[in-house]
Amino acid sequence: RAEPQAALRRTYGFTCDCKACCIPDIATSDANREQVKNLCLKIATRKCHNIPPETLIEQCLEGLRIMRAEYMLMPIYEMYLHEALQVMYERTGRSSKAAKSAEATLVCSRPYFEDGAPRIRMLEQAVRDLKSRAAQ
């Protein structure tokens, strides 16, 4: 974070004091952010297929917790984490949780896809299907 702070000082003449820049333990914070980034990269590149469902669920929930604690406002990361949760909850027969994760994936996807885009339609259908299964 030192480099972005220096660039802000040079270019705009101010020091950022937002919550993300003012976290006291920067080394731990940077390690946490790197952990979330690496997990999302694994999910995005489909390199998490050998992780047991319960382990991946725990990692995704921890990633979301870290994002809140670190003030990481990155919908694309949230989208990957919620989508992985949806799939793992489906695999383990938890339709209600899968439906909630599908809804969260849909919300996080909207900034990146137009209404009516195939991805949005697919997610909307997944939400309906999972809610229907959860109600049975």
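The table for this structure:
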| read-out | value |
| --- | --- |
| Residue, farthest from GLU90 (Cα to Cα), within region 120-130, restricted to residues that are open to solvent by less than 100 Å² (accessible area, probe 1.4 Å) and charged (D, E, K, R) | GLU124 |
| Lone unmet requirement of (1) modelled with pLDDT of 95 or more; (2) more than 30 Å from CYS21 (Cα to Cα) for LEU85 | (2) |
| Selected residue (criterion: farthest from MET74 (Cα to Cα)) from residues of region 23-44 that are at pLDDT below 85 and either acidic (Asp, Glu) or surrounded by 12 or more Cβ atoms within 10 Å (Cβ to Cβ) (or both) | ASP25 |
| Pick from region 45-93, criterion among the small types (Gly, Ala, Ser) and exposed (fewer than 13 other Cβ atoms within 10 Å of the Cβ), ranking: nearest to SER132 (Cα to Cα) | GLY93 |
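The values are calculated or read from the model by the stated rules, or taken from the named source; none is laboratory data. These numbers come from a predicted model, not from an experiment. Positions of Cβ are backbone-derived with ideal geometry, glycine not excepted, and every protein chain shown enters the neighbour counts. These area figures cover heavy atoms from the full protein model, side chains too; ligands, DNA and RNA do not enter into them. Shrake-Rupley method; radii C 1.70, N 1.55, O 1.52, S 1.80 Å.
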